Structures are given as C-alpha cells and as structure tokens.
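Scroll down for the structure; my scribbles are underneath it.
The values are calculated or read from the model by the stated rules, or taken from the named source; none is laboratory data. The model shown is predicted, which means the values in this text are computed figures rather than measured ones. FYI the Cβ positions are ideal-geometry reconstructions off the backbone, even for glycines, and counts take in every protein chain you see.
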Amino acid sequence: MEATKPTQPQAQPKAQPKAKKAEPAKKVTGIKNAFLVIVVCFVVAVCLFLFFFGAPGNFDPESFEGQTPLWGMSVWNIDKAHPTNLIGTIFKGGIIVPVLQTLFLTVIVLSVERWIALSSAKGKGNTTKFVADIKACLAKNDIAGAQKLCKQQKGSVAAVVAAALVRYEEMDKNTVLTKEQKIQTLQKEVEEATALEMPALQQNLPIVATMTTLGTLVGLLGTVIGMIKSFQALSNSGAPDSSALSTGISEALVNTAFGIATGAFAVISYNFYTNKIDNLTYAIDEIGFSIVQTFAATH
C-alpha cells in the first residue's frame, strides 16, 4: 500500500493593495511658528534702538558731561542728553520704543510672508481666467481637460477643483448610489477640500489683527509714561527742569507716533489680505457650484 503524499497547501494570491486617493499637494507656503518671528524682531529692534538710534553722533557732545560714551549707550544719563536729529529724539522715547518697533517689524515680516503665501495659493495664472476655463470644460463635459488645467494652474483653487474632479469621475462610474446621493457626496467633497485649504490661507493673520489693537495700546502706555515724567518735572519746587520736561514730552510723542503707525499698518495689511482670501474663496465656491450643477444636469 503506497503512502499517501501530503497535500501541498496552495499558495494564496496576494491581496492587492488598495489604491490610495491622491490628495492635491499643498501649495501654500508660509511661516509656521510666528513666535520665532516675534523673538527675532525683538532682537533686531533692541539692536536698532541701542546701536542706531542711540549712536553718539545723534547727540550733542556737550551733553555727555566729559564722559566718553560707549557705542550703543551714547549717554550715561538719557534725561540730560540733547539730540541733534530726529533719530536721537526717537532714542529719547524710552524703553517702550523697542517694544513698539518689535510690533511694527512683526507686522512687516508677517505681511511679506502672507504676500508670498497667497501668491503661491493663487497659482500661476489669472484666477478669473482659470475659473472661466474650468467652467468651459465642464460645459463640454471635458473632465480630462479640466484636470489638465488644474495641473497647470496649481495653488489652492486648483487643488480644491482637482479633488472635486476626482470625486466627479468616481460618482460618474458609480452605479449604486442614487443621483441625489451622488450630488451630496460631490458637494461634501468640495466643502472638505475647501476646509483643508482655508487654515493655510488665514495663517498668521490673527496675529496681524492683534497688532492693530496691541500697537495702539502699547503706544498709549508710552504716552502716559512720558506725560507722567513731564508732570513730575513741572511739580519740582523752584524752576522746573526743562531737560526732564523735554524728555517726557519726547517720550510721549515718539511712543504715540510709533503706536499709531503700527496700528494703522496692521489694519491696512489685515484688510488687504482678508480681501485677497475672500476673492480666492469666491472663486472656489463658484467652481464648486459649477461642478455640482454640471453633474446634476448631465446625469
């Protein structure tokens, strides 16, 4: 009797990995950590205050009272220093000036950063023309042509449209869902893709908005401190100290000027970039509505 050979286990076919849905690459670049920007701006502001505004050449040499000034610390007693130009007057604004300069520099840096980021989010071509071309492709049911335009345009608007077109093709081939379910799925895809892009567009703008109020309040604080010093000089018995009086007034006016400039520039920057983001959002909504309407009309 022949021994039966053990049966060899049949090799199981390897499961094919599921194809992952290609997500549109993020095209919005920007500064992720605004705290580091503030720290760097503070260091720059302090250096400017000490070594530029406080340079010995900005003051009357007789005000040093025979002492040799150090670079960056042009006077041993700032109250007795007599500036010879506007730069020296800014130095007499006191310790609040570097803080205000930090806020002002932060607004400038973040404004430039938002310009670069929103320029990349806009894409390579004109957004209005891109919207019109996409709508023309949808009218002809040319999905492949619309996807090609998205690859050429790039940016946030193109990323949202590309994601919606991928879902459009999936719903076109789907035979299980009803038409209403397909339309709802397509609308949800547009909303999700838009929600993913919006945080990158609005990044760092809340900080700029904060500077609109913070700059004015810090400037007002410097103004109050300067006026306190002025009234202290007037309250001295006998003849008032004219040097201390002028120092207090200078401190008040310099801080007021820097506070107003910081707040005004921050307001202009915030409103300007908010308007640019709104324009991008309107373009996304317009194309998303066109995609949904085209699908509803052709299916």
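Of all residues in the range 136-150, those satisfying the criterion of being over 15 Å from A162 (Cβ atoms) and in a helix (DSSP H, G or I) are A136, A139. In the range 138-148, the residue that is farthest from V292 (Cα to Cα) out of those that are surrounded by fewer than 21 Cβ atoms within 10 Å (Cβ to Cβ) and of a type in the set (A, V, I, L, M, F, W, C) is A144. The condition (being under 30 Å from I268 (Cα atoms) and charged (D, E, K, R)) is satisfied by just one residue among K129, K140, K135: K129. Scanning the range 92-127 for residues that are over 17 Å from the mean Cα position of the chain (by Cα) and assigned to a helix (DSSP H, G or I), we see that the one that is farthest from G248 (Cα to Cα) is T127. For S269, are the conditions met, namely being part of a helix (DSSP H, G or I), within 30 Å of K124 (Cα to Cα) and touching a residue at least 12 places away in the same chain (Cβ under 8 Å)? Considered against the rule, which asks whether it is part of a helix (DSSP H, G or I), within 30 Å of K124 (Cα to Cα) and touching a residue at least 12 places away in the same chain (Cβ under 8 Å), S269 comes out as yes. The residues listed here are L86, L70; of these, the one that is surrounded by fewer than 18 Cβ atoms within 10 Å (Cβ to Cβ) and modelled with pLDDT under 80 is L70. Which condition breaks for N141 when tested against (1) in contact with a Phe, Trp or Tyr (Cβ under 7 Å, 6 or more places away or on another chain); (2) over 25 Å from T262 (Cβ atoms)? It fails just one condition, (1). Please go through the range 154-167 and pick out each residue that is touching an Asp or Glu at 6+ places or on another chain (Cβ under 9 Å), surrounded by fewer than 24 Cβ atoms within 10 Å (Cβ to Cβ) and not aliphatic (A, V, I, L, M). Across the range 154-167, the qualifying residue is only R167. Assess whether T175 counts as being exposed (fewer than 14 other Cβ atoms within 10 Å of the Cβ), under 29 Å from T298 (Cβ atoms) and at pLDDT below 85. Judged against the criteria, T175 is a match.
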